[in-house]
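Remarks on the structure that follows.
The values are calculated or read from the model by the stated rules, or taken from the named source; none is laboratory data. From a predicted model like this one, the values you see are computed outputs, not experimental measurements. Counting neighbours? That spans all protein chains shown, and the Cβs are built from the backbone with ideal geometry, glycine included.
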Amino acid sequence: MTYSPKIPQGNQTPAGTQAFIQTNFSQYAAKFLVNHTAINSNKQGDHEAIVFEKQLVDPGVTEDLVALYCKDAISASSTQPQLFFQILKFLPKFRDYTDAPNTPMQLTFDQVNTAGPVYQSFMAGAYLLYFGMTSNIAVPIVLIPTPSVILSVIANPNNLAAGIPFDVGVTVTAANSFKINSTTAVGVYTFTWMAIALA
């Protein structure tokens, strides 16, 4: 038997529709289990997950509300459904009191690299934060996952031998790589670095 929305009707008796009512309740219980804790359990009925239907366009916000939704996000790695956030206006209004619309902000990313030697995290707004350490400044550092563009790189020497090099700089060599430069780094040195890029 399947769910029947016409059971029970006002002119039907419970005795005559008992099997149909039981089927309807069992169907409801089965459907309710999706994203919910089962009924008759310790946390019965609680949400376990929220499923977002993928949107083709940003919904827009016209009232004092928040839109939380899923849509495809394009990155250098791939195109994946990601979670987005949108409000009516850009806040706070520090020194700018115009009612500028708030563009959608990407909240999630599909890759997190924790294997090293390059580590990566994600910041809201489709920014990737990379960080690591190297002792071989002759070889460019490749960022994984591949970003669309590197926005900023900072490198600092760690003093493992006498004399810290003060002429440390970086050169972006590609959309996903950079090289640390120093003419006075002799001996054993490691360099700690951080890069900000766009997904």
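Restricting attention to the stretch 188-199 and to residues that are outside any strand (DSSP E or B) and under 12 Å from Ile137 (Cα atoms), the residue that is modelled with the lowest pLDDT turns out to be Val188.
Of all residue pairs spaced 6 or more apart or on separate chains, those with beta-carbon atoms under 6 Å, a first member in the stretch 134-153 that is in contact (Cβ under 8 Å) with a residue 24 or more places away in the chain and a second member that is assigned to a loop (DSSP other than H, G, I, E, B) and hydrophobic (A, V, I, L, M, F, W, C) are Thr146/Ala76; Pro147/Ala76; Ser148/Ala76; Val149/Ala175.
Within the stretch 111-137, restricting attention to residues that are loosely packed, with under 13 Cβ neighbours inside 10 Å and among the hydroxyl-bearing types (Ser, Thr, Tyr), the residue that is farthest from Ser182 (Cα to Cα) is Thr114.
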